[in-house]
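Participant: What follows is a single structure, and I will ask about it in a moment.
Read-outs throughout are calculated quantities, based only on the coordinates presented, and are distinct from any laboratory measurement. These figures come from a predicted structure and were not determined experimentally. Positions of Cβ are backbone-derived with ideal geometry, glycine not excepted, and every protein chain shown enters the neighbour counts.
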Amino acid sequence: MRRLFRYRPSPAGLIAFAALFVALGGGAYAAAKIGSAQIKNNSIRSKDIRNRTIRGKDVHNETITARQIRDPEAYHAVGASGEPPFKNGAGNFGSGYATTAFFKDNEGIVHLRGTMKAVDNRVAFTLPPGYRPAQILDIGVIAQGATGYIYISPNGDLKPRAGSSPANYGLDSVSFRAEGGRTAARKSSSRADPNSP
């Protein structure tokens, strides 16, 4: 036993041992002692938070307001400058009805609106990339006061079917998830007012 105490560590060895202890235990100490009271308000930015780490249970009720939620993009009016054109004689019905348009919300859902006149079984317009379904969709709509159909293809072609031609198609009930869903929504969103014409 005397032999163990005969060899005393040097001062440099003690300092190295103390540094090692602080290095190994310091992080745990900091993690245990730093709480919300020690964090300065507005000092943590979104880039400091790892993606998909904040869940619903981490957010207190009524702490996020409408201001903090990004608005969906504005409607894209078919036939307007810089937007998809009408094809094969299709166009807006007019007479005070909403114009044909589409937008994608923050969840990646594409919404159509308006009343369109179009030739039966011919492409009326083509949705741009990012607003297209992964598979062919067959959606029932009101056409000439009866049941009609809108077929939307993965290439974006929108083709109406009513059995009579030309016919008027109400598009306000047409909604579908775009291929890519939320990812595609993030890429295309422009944060404008969705209620603008």
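Participant: Sorted by average packing, counted as other Cβ atoms within 10 angstrom per residue and highest first, what order do 170-176, 109-115 take? Please list the in-between numbers first.
Facilitator: Values: 170-176: 17.6, 109-115: 20.3.
Result, highest mean first: 109-115, 170-176.
Participant: Taking the Cβ of each residue in PHE93, PHE103 as the centre, tally the other Cβ atoms inside 10 Å and list the residues starting with the fewest. Numbers along the way, then the final one.
Facilitator: Values: PHE93 17, PHE103 22.
Taking fewest neighbouring Cβ atoms as first place, the list is PHE93, PHE103.
Participant: Please work out how much length the chain gains when fully extended from ILE109 to ASN88, using 0.36 nm per residue of separation minus the C-alpha to C-alpha distance, in nm with one decimal. Please report the intermediate quantities before stating the final value.
Facilitator: Values: separation 21, 0.36 × 21 = 7.56 nm, distance 2.67 nm.
Length gained, ILE109 through ASN88: 4.9 nm.
Participant: Shifting gears a bit: Need one number: nm distance between label points at SER81 and LYS57, each 7 Å from Cα along Cα→Cβ, rounded to one decimal.
Facilitator: 5.4
Participant: Using a basic spin-label model with each label point 7 Å from the Cα along Cα→Cβ, how many nm lie between ILE39 and ARG122?
Facilitator: Result: 6.0 nm between the two label points.
Participant: Contour minus end-to-end for ASP48 and ILE142, with contour as 0.36 nm per residue of separation and end-to-end as the Cα-Cα distance?
Facilitator: Details: separation 94, 0.36 × 94 = 33.84 nm, distance 4.96 nm.
Taking 0.36 nm per residue and subtracting the Cα distance, the gain is 28.9 nm.
Participant: Continuing with this model, one more query. Using 7 Å Cα-to-Cβ label points, what is the ILE64/SER153 separation (nm, one decimal)?
Facilitator: 3.9
Participant: Within 10 Å of each residue's Cβ, count the other Cβ atoms and sort ASP105, ASP48 from fewest upward. Could you put the intermediate results ahead of the total?
Facilitator: Working: ASP105 17, ASP48 7.
Fewest-to-most ranking of ASP105, ASP48: ASP48, ASP105.
Participant: Next up: Which aspartates and glutamates have a Cα less than 15 Å from the Cα of LYS87, not counting those fewer than 8 places away in the same chain?
Facilitator: Reachable aspartates and glutamates: ASP120, ASP157.
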